[in-house]
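Below you'll find the structure, written out as structure tokens, and then a few comments.
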Amino acid sequence: MPHTLRLTVTALVGLVVLAVVGAQAVSVEPAATPSTVVRTSETTRLPAPDAPNVVVFLTDDMRKDDLGYLPHVRNLLMKRGMTFTEAQSPHPLCCPARAALLSGQYAQNNGVHHNSGAYGGWESFDPSSTIATWAEDAGYATAIHGKHLNHFDADAPADPGWTNFDILLEPATDFENFTFFDGDSFNDDYVTTRLDERTVADIDTWAGRRPFMIFANHVAPHIWFPESAKGDGDGDRGGRLPPAEAAYAHALKGITPRAFKDPAFNEADMRDKESIVSGRPKLAPRPLKRLNLARIRSLLSVDEAVAHTVAALERAGELEETYIVLTSDNGYALGEHRFTGKDRLSDEILDVPLVIRGPGIPAGTRSARTVSLIDLTATLAQLMSLTPTMTIDGEHFVPTLRDPEAVGLRDTMLIQTGAKDPSARFPGWAYRGVLTQRYSYARRINNGPTAGFLYDRRQDPHELANLLSDERYRAVRRELERRYRVLADCSGTACNRDFGPLPRPRPAR
């Protein structure tokens with residue numbers, strides 16, 4: 001990055017943070033000296049002469065509204081690219097969501113339903129055909145830095161397709177004491193800093209020599225599980241607040257979670273909710289406020305990493321030939337519907353941030369097209385001219401990257417969560433349903449016909465009134481159930497259908 005532009009970026013930080021939350025500016029320093037990285041595979045195939053580079057920043061449990069606190073993301077990605085306001089995680093939990101992104105497939109096809117158990121965990125995923133292997137076949141240099149699906153055995157072989165398989169070993173959500181697959185171990189350190197420098201190191205190595213695809217899988221803002229913490233591996237129980245890098249330990253004091261302004265926060269009446277959640281008590285705001293602040297502070301270091309990557313790409317002359325993506329594996333509830341966490345099919349958990357900057361993308365644009373992580377996989381494959389070696393379920397949205405008003409074929413998206421219980425009537429599944437532009441619908445698979453929800457988001461954008469038993473919506477419910485059954489075992493293009501108009505709800509008497 002030229003010296004004058006570096007000064008401009010640093011100055012913008014203070015202006016944006018002050019405008020958003022009235023806090024101190026975030027400084028940007030050059031990334032640290034890169035560590036030695038292990039190269040697990042090489043390819044000699046020549047890529048297309050116009051092959052673009054791709055850098056994906058994948059955060060862990062980031063809410064869509066967290067974007068407002070990240071000045072570099074706002075100025076270097078959002079103002080220079082396209083923001084998707086209706087991006088979704090099709091399976092909002094770490095391991096299944098990441099498997100969906102790597103494979104471009106729903107869980108019924110890639111086999112990963114949960115973080116652990118008989119139907120989950122990294123062992124359930126077959127890495128032999130992923131966006132990494134397709135990119136390697138096309139002549140790309142490839143790297144994955146940071147968190148894998150969730151856990152990973154240090155004695156297991158590297159996943160195929162990655163030139164640099166640079167993942168974190170267990171515990172993969174320890175911010176301060178951590179070990180990489182190549183054996184590099186750090187104590188009393190900060191994981192985001194190391195992921196930042198390792199990402200920049202690959203750009204410096206490959207720029208000008210061959211096109212590259214880099215996944216920078218950051219830990220922030222996930223709950224912190226140090227080596228001493230005893231988490232259950234599936235949620236946030238037993239964890240601690242994510243620690244901030246020293247530079248941001250006192251940033252943004254006094255901010256209030258945006259969730260507090262949502263009518264769904266500590267929802268007043270939960271009696272219409274399914275029985276397994278209807279009895280939840282209200283949550284104390286103060287711990288949620290501390291959690292929100294810790295999450296945002298941890299993301300400020302990811303924001304800085306984005307600035308370092310943009311600077312490295314510009315320094316190497318690769319910025320205008322690179323698609324830069326920022327997204328998350330899932331969203332996160334901060335007290336909406338009296339819940340904190342993920343692995344549920346409510347709006348704030350399904351919603352993920354998605355910003356893309358790159359060649360041909362109009363600057364400062366927004367798209368309301370509903371897209372999912374598997375669509376992102378299909379889109380990257382299209383942009384990179386890759387040939388998937390298996391059937392993928394996503395619908396690429398390249399036309400929308402050229403024109404934000406462009407829409408796709410699909411009008412109904414499959415959404416689901418998994419379960420570990422192998423003895424259930426429908427093993428491996430918890431909630432399954434569909435999302436349309438207007439409705440959210442799902443059933444708890446093993447708990448009878450009244451366990452589930454139907455929300456009319458046009459009338460009820462905060463999902464307060466469960467209409468599953470409302471006779472006015474009987475025809476709507478039947479059609480959404482039919483669409484779910486059509487999509488439940490879908491594969492490939494069959495997952496992306498235009499079902500046509502839905503029935504109208506009957507008017508109230």
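The values are calculated or read from the model by the stated rules, or taken from the named source; none is laboratory data. Note that the coordinates shown come from a computational prediction; the quantities given were computed from them, not determined experimentally. So basically every Cβ, Gly included, is an ideal-geometry build from the backbone, and we count neighbours across all protein chains shown.
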Could you check, for region 255-265, whether at least one of its residues is touching an Asp or Glu at 6+ places or on another chain (Cβ under 9 Å) and at pLDDT below 95?
no
Of the residues that make up region 411-434, is at least one within 25 Å of the chain's Cα centre (by Cα), on the phi < 0 side of the Ramachandran plot and surrounded by fewer than 15 Cβ atoms within 10 Å (Cβ to Cβ)?
no
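Kindly provide the set of residues from region 55-82 that are β-branched (Val, Ile, Thr) and surrounded by 24 or more Cβ atoms within 10 Å (Cβ to Cβ), ordered by number.
Across region 55-82, the qualifying residues are VAL55, THR59, VAL73.
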If the Cβ limit is 9 Å and pairs must be 6+ apart or interchain, which residue in region 190-201 that is closer than 11 Å to GLU176 by Cβ and free of Cβ contacts under 8 Å to residues at least 60 places away in the same chain pairs with which residue that is part of a loop (DSSP other than H, G, I, E, B) and aromatic (Phe, Trp, Tyr)?
VAL191/PHE175
Please verify whether VAL302 is assigned to a helix (DSSP H, G or I) and over 28 Å from TYR431 (Cα atoms), treating the condition exactly as stated.
yes
Check ALA244, ALA251, ALA201, ALA220 and return the single one that is assigned to a loop (DSSP other than H, G, I, E, B), modelled with pLDDT of 95 or more and under 14 Å from GLY146 (Cβ atoms).
ALA220
Taking the options ASP351, ASP411, name whichever one is over 17 Å from LEU102 (Cβ atoms) and out of contact with any helix residue (DSSP H, G or I) (no Cβ under 7 Å at 6 or more places or on another chain).
ASP411
When residues of region 448-460 are limited to those that are out of contact with any Pro (no Cβ under 8 Å at 6 or more places or on another chain) and touching a residue at least 12 places away in the same chain (Cβ under 8 Å), the one surrounded by the fewest Cβ atoms within 10 Å (Cβ to Cβ)
ARG458
Assess whether GLU274 counts as being closer than 29 Å to ASP421 by Cβ, of a type outside the set (Phe, Trp, Tyr) and in the same structural domain as ILE324 (by TED's automatic domain parsing).
yes
Kindly provide the set of residues from region 271-296 that are buried (at least 19 other Cβ atoms within 10 Å of the Cβ), hydrophobic (A, V, I, L, M, F, W, C) and within 14 Å of ARG338 (Cα to Cα), ordered by number.
LEU288
Within region 315-374, take every residue that is under 30 Å from LYS289 (Cα atoms) and small (Gly, Ala, Ser) and give me the one that is surrounded by the most Cβ atoms within 10 Å (Cβ to Cβ).
SER372
Is there a residue in region 311-325 that is among the aliphatic types (A, V, I, L, M) and in a strand (DSSP E or B)?
yes
Go through region 468-490 and give me each residue that's within 26 Å of VAL371 (Cβ to Cβ) and surrounded by 15 or more Cβ atoms within 10 Å (Cβ to Cβ).
VAL476, ARG477, GLU479, LEU480, GLU481, ARG483, TYR484, VAL486, LEU487, ALA488, CYS490
For region 462-483, does any single residue satisfy the condition of being under 22 Å from SER89 (Cβ atoms), among the small types (Gly, Ala, Ser) and touching a residue at least 12 places away in the same chain (Cβ under 8 Å)?
no
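When you scan region 371-392, do you find a residue that is among the small types (Gly, Ala, Ser) and in contact with a Leu (Cβ under 8 Å, 6 or more places away or on another chain), even just one?
No, region 371-392 contains no residue that is among the small types (Gly, Ala, Ser) and in contact with a Leu (Cβ under 8 Å, 6 or more places away or on another chain).
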Restricting to region 234-270, name every residue that is surrounded by 17 or more Cβ atoms within 10 Å (Cβ to Cβ) and among the charged types (D, E, K, R).
ASP234, ASP236, GLU245, ARG258, ASP262, GLU267
Could you tell me whether region 247-256 includes any residue that is in contact with a Lys or Arg (Cβ under 6 Å, 6 or more places away or on another chain) and polar (S, T, N, Q)?
no
